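Reviewing the structure listed below.
The values are calculated or read from the model by the stated rules, or taken from the named source; none is laboratory data. Keep in mind that what you see is a predicted model, and the values were worked out from it rather than measured. For neighbour counting, all protein chains shown are included, and Cβ atoms are generated from backbone atoms with ideal geometry for every residue, glycine included.
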Amino acid sequence: MTRAVSHPWSAPAAGRPVVVGVEPSQDPWVAREAASIARSLGVGLVAAWIDPTHMVAEREPDGSLDLVPVDSDRDEEGDEAPDDALFRRLAATLDPTGVPWRFVYATGEPARGLRAVADEADAVLVAVGTRRPGFGFWMNQLVGGSVAGRLAHLQHRPVLLIPARPHGAADPGAPEPA
């Protein structure tokens, strides 16, 4: 069993935040663009990963979650919680923006999870990244539809799509190489 822990705001945040859906394999461009939008609105950013590969076994009094994999045959690698590496990547991406942010980890179906996070935060909008076209994208659309499409039907907030960077395009928000 692994444990996921809540992460507090990086700094005090004003107003209703922007919620952005994040995932481990996602281009940092999406989080950086969502931070830019939050900055322009003068609000904070909630980066939320809704992990469909785990479920909550127990909620601890300190707010942490004891997790078990959905696939009982799956080996959990090491002692690191599934959200630790993503939190570190987000910190490296979002801390330099100066936008107050926090990371929220939840389990379940991504659209419903993002809706719950947005409801809890009273978000001004929910942002999600798009995927690059290809066979995997096509299969995802065929089997489950898009997270953005499901979000648009599940809740009352605006849903903002952040397009994937074109393959090979430079990330203008990335820090300059040293």
Answer with yes or no whether Leu86 is modelled with pLDDT of 85 or more, surrounded by 16 or more Cβ atoms within 10 Å (Cβ to Cβ) and under 19 Å from Glu109 (Cβ atoms). yes
Note on the range 93-130: residues free of Cβ contacts under 8 Å to residues at least 24 places away in the same chain and within 15 Å of Leu45 (Cβ to Cβ) are Glu120
Residues of the range 89-126 that turn out to be surrounded by 20 or more Cβ atoms within 10 Å (Cβ to Cβ), basic (Lys, Arg) and modelled with pLDDT under 95, as a count: 1
Among the residues that make up the range 58-71, is at least one of them buried (at least 19 other Cβ atoms within 10 Å of the Cβ) and either modelled with pLDDT under 80 or at positive phi (or both)? yes
So Glu76 ticks every box in (1) at pLDDT below 95; (2) surrounded by 20 or more Cβ atoms within 10 Å (Cβ to Cβ); (3) among the charged types (D, E, K, R); (4) touching a Pro at 6+ places or on another chain (Cβ under 8 Å) but one. Which box is left unticked? (2)
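Quick grid of which residues meet (1) modelled with pLDDT under 95; (2) loosely packed, with under 14 Cβ neighbours inside 10 Å; (3) of a type outside the set (Lys, Arg); (4) under 11 Å from the mean Cα position of the chain (by Cα):
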position	(1), (2), (3), (4)
Thr2	yes, no, yes, no
Val5	yes, no, yes, no
Ala14	yes, yes, yes, no
Val30	yes, no, yes, yes
Val43	no, no, yes, no
Thr53	yes, yes, yes, no
List every residue pair whose Cβ atoms sit under 7 Å apart, with the two residues 6 or more apart in sequence or on different chains, where the first one lies in the range 158-175 and is over 25 Å from Asp95 (Cβ atoms) and the second, anywhere, is at pLDDT below 65 and surrounded by 12 or more Cβ atoms within 10 Å (Cβ to Cβ). His167/Arg132
Please specify each residue of the range 35-51 satisfying the condition of being closer than 9 Å to Val99 by Cβ and either part of a strand (DSSP E or B) or of a type outside the set (Ser, Thr, Tyr) (or both). Ala35, Ala38, Arg39, Val43, Gly44, Leu45
